[in-house]
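The values are calculated or read from the model by the stated rules, or taken from the named source; none is laboratory data. Nothing here was measured: the structure is a model prediction, and the numbers come from that model. Here the Cβ positions follow ideal geometry from the backbone for every residue, glycine too, while neighbour counts run over all protein chains shown. Side chains included, ligands, DNA and RNA excluded: accessible areas come from the protein's heavy atoms. Shrake-Rupley method; radii C 1.70, N 1.55, O 1.52, S 1.80 Å.
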Amino acid sequence: MDKSGYQAAIVYVVCHMGLIFFLYPSDLFSAMDMGHWIGIAISYALHAIALYMYIKGLQWAAHRNVVDIFGSVGKFLPWLLLLPALLYFGVAIIITIRAYSEMLTLVFLSSTPLWAIQLLLISIAFLMAWQGISSMARTSVLLVILFTIPILFVLCFSFQNVDWYYLLPIIDPGQSFHFLAKPDFLVSLFVYAGGFFFLGLLPPSIQISTKKMMLGCLLLFPMFLLSVYLPLLTFGHATAELYEFPMLMTIDTVNITWLLFDRVTIFFLLSLMAFAFLYLGVTLWVLVTLAKRAVPFIPQNVLLIALTIGLFAISIAIPNWDYLKTLQRWIIPLRLYMFLVIPLITFIIGWRHKHKANRTTEVT
C-alpha cells in the first residue's frame, strides 16, 4: 500500500516521458514557424489546470472510482460520457504501437518486419496489464531508478551541436493565436490528453497526493521544452520540420568518443522505450477496466486477451505512415474531449458531492 502518493505521481511522469520526445516535436513544428514556447506554454497550462481539476474532483468525491462518480448522475449517462474514453484509448494504443514500430525500424531494426515489432510491443503491454496497476506502479519506480540518469546524461550532451542563433526571434512580431485551430497543433495535444485518466481508476491501496502530482507535472515542463528546442537549436526550424522524429535525429548528431555505445541514439531510445512500455501497459489496463465495468459478465482476463488481439489486428492493418497521420486527425474531437471535458465534468460532479456532504453535515 502506497499512502505517500509517490507511486501515482511516478506513473504519471513516466507515462508522459514515454511520449514527449518522439511524436510531439514534429507536430508542433508543423503547426508553428516560430515562438514555439507559446504553444508549449498554452498546452502545458491547460494540461496543469485539467490535471488539478481532475484530482480535486476525485478527492471531493471521496476518492471514488471515476465510473462510480459519473454513475451518481444517472444510470445511462455515465456510459454516454465514458464511451468516447473507450474509443480514444483504443485508438491511442493503436497509434502508439504503430508509430513506435516505425521508429524502431528506422533506428536499428530495419530488416525486421513491422508486424513482428508491433507484436512485441503489444505483447509486453499485455503482460504488464495482466499483472494489474499495482504491479505497474512498482515497476515505474524501478524504471525511474534505472533510466533517469542515462536519459539526463544524453539530454545534457545533446547541447553539443546547438546554435543559439536559432532561438531568435523568440516571438513573431505578428504573432497571432491562429495556430490553436491548426490540425497539427491539435494533434500535438496527444501527449497531454488522457495521460492522467488512470488516476480515477486506481485502487484504494494507491493514494493520490495533489502536491506530488503537481510537482510531477512541473518536472515535465522542461522536458516539453527540451523535446522541441533541442532539435530547433540544432537544425533550425526549416530542417527540423522535415523530420518525422526530430529528437532522434538530434541525438544522432551527438558524438561521444569514449562512450561504450557506437550510437547514443540507441542508448537514448532503449531508455525511453521502457517508459513507453509502461504507458502502453497502463493505457491497456485502463481500456480493459472500463470495458469490464461495461460488460461485467465477461471475465477481465478474457476481455484483456480479446482487446489485445483486436488492437494488434487493427494496428497491422494500417497501410502506411500517411494513413496513421490521418487517423490522428480523425480523433482530434476525442482528444479534446479527454483533455478538457472529462476533467471538467469530474470537477463539477466532485464539487456537487462536496457541497451535498457539507449540507448533510450541517443538518445533522
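Taking the criterion of being under 21 Å from the mean Cα position of the chain (by Cα), hydroxyl-bearing (Ser, Thr, Tyr) and under 21 Å from Pro222 (Cβ atoms), would at least one residue in region 101-108 satisfy it?
Of the residues in region 101-108, the ones under 21 Å from the mean Cα position of the chain (by Cα) are 101-104.
Still in the list and also hydroxyl-bearing (Ser, Thr, Tyr): 101.
Okay, now just the ones that are also under 21 Å from Pro222 (Cβ atoms), so none.
Within region 101-108 (the criterion being under 21 Å from the mean Cα position of the chain (by Cα), hydroxyl-bearing (Ser, Thr, Tyr) and under 21 Å from Pro222 (Cβ atoms)), the answer is no, since none of the residues qualifies.
Scanning region 47-58 for residues that are touching a helix residue (DSSP H, G or I) at 6+ places or on another chain (Cβ under 7 Å) and open to solvent by 30 Å² or more (accessible area, probe 1.4 Å) returns Tyr52, Met53, Lys56. Counted as qualifying within region 45-164 are the helices (runs of 4 or more DSSP H) with 2 or more residues that are closer than 30 Å to Ile266 by Cα and either of a type in the set (A, V, I, L, M, F, W, C) or touching a residue at least 40 places away in the same chain (Cβ under 8 Å) (or both), namely 77-107, 114-131, 133-157.
Quick check: anything in region 24-33 aliphatic (A, V, I, L, M) and open to solvent by 10 Å² or more (accessible area, probe 1.4 Å)?
To start, the set of residues in region 24-33 that are aliphatic (A, V, I, L, M) comprises 28, 31-32.
Filter again for open to solvent by 10 Å² or more (accessible area, probe 1.4 Å), leaving none.
Looking through region 24-33, none of the residues is aliphatic (A, V, I, L, M) and open to solvent by 10 Å² or more (accessible area, probe 1.4 Å).
Within this structure, Ser227 passes the test of being closer than 30 Å to Pro333 by Cβ and at pLDDT 90 or above.
Residue-wise test of (1) open to solvent by 80 Å² or more (accessible area, probe 1.4 Å); (2) touching a helix residue (DSSP H, G or I) at 6+ places or on another chain (Cβ under 8 Å).
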residue	(1), (2)
Ser135	no, yes
Ser140	no, yes
Leu143	no, yes
Leu146	yes, yes
Pro150	no, yes
Phe157	no, yes
Leu168	yes, no
Asp172	no, no
Leu180	no, yes
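Quick check, is Lys75 modelled with pLDDT of 90 or more, out of contact with any Lys or Arg (no Cβ under 6 Å at 6 or more places or on another chain), of a type outside the set (Gly, Ala, Ser) and surrounded by fewer than 22 Cβ atoms within 10 Å (Cβ to Cβ)? No: the conditions fail for Lys75. Taken over region 248-301, residues that are over 30 Å from Asn65 (Cβ atoms), open to solvent by 50 Å² or more (accessible area, probe 1.4 Å), assigned to a helix (DSSP H, G or I) and touching a residue at least 60 places away in the same chain (Cβ under 8 Å) amount to 0.
Of all the residues that make up region 230-247, how many are surrounded by 21 or more Cβ atoms within 10 Å (Cβ to Cβ) and assigned to a helix (DSSP H, G or I)? Step through it out loud before you land on a result.
From region 230-247, those surrounded by 21 or more Cβ atoms within 10 Å (Cβ to Cβ) are 230-232, 234-235, 240, 245-247; that's our starting set.
After this cut, where a residue has to be assigned to a helix (DSSP H, G or I) as well, the list is 230-232, 234-235, 240, 246-247.
Residues meeting the conditions: 8.
All conditions but one from (1) surrounded by fewer than 19 Cβ atoms within 10 Å (Cβ to Cβ); (2) in contact with a helix residue (DSSP H, G or I) (Cβ under 7 Å, 6 or more places away or on another chain); (3) modelled with pLDDT of 90 or more apply to Leu127; the one that does not is (2). Annotation: Gly194 fulfils all but one of (1) touching a Phe, Trp or Tyr at 6+ places or on another chain (Cβ under 9 Å); (2) at pLDDT 85 or above; the unmet one is (2).
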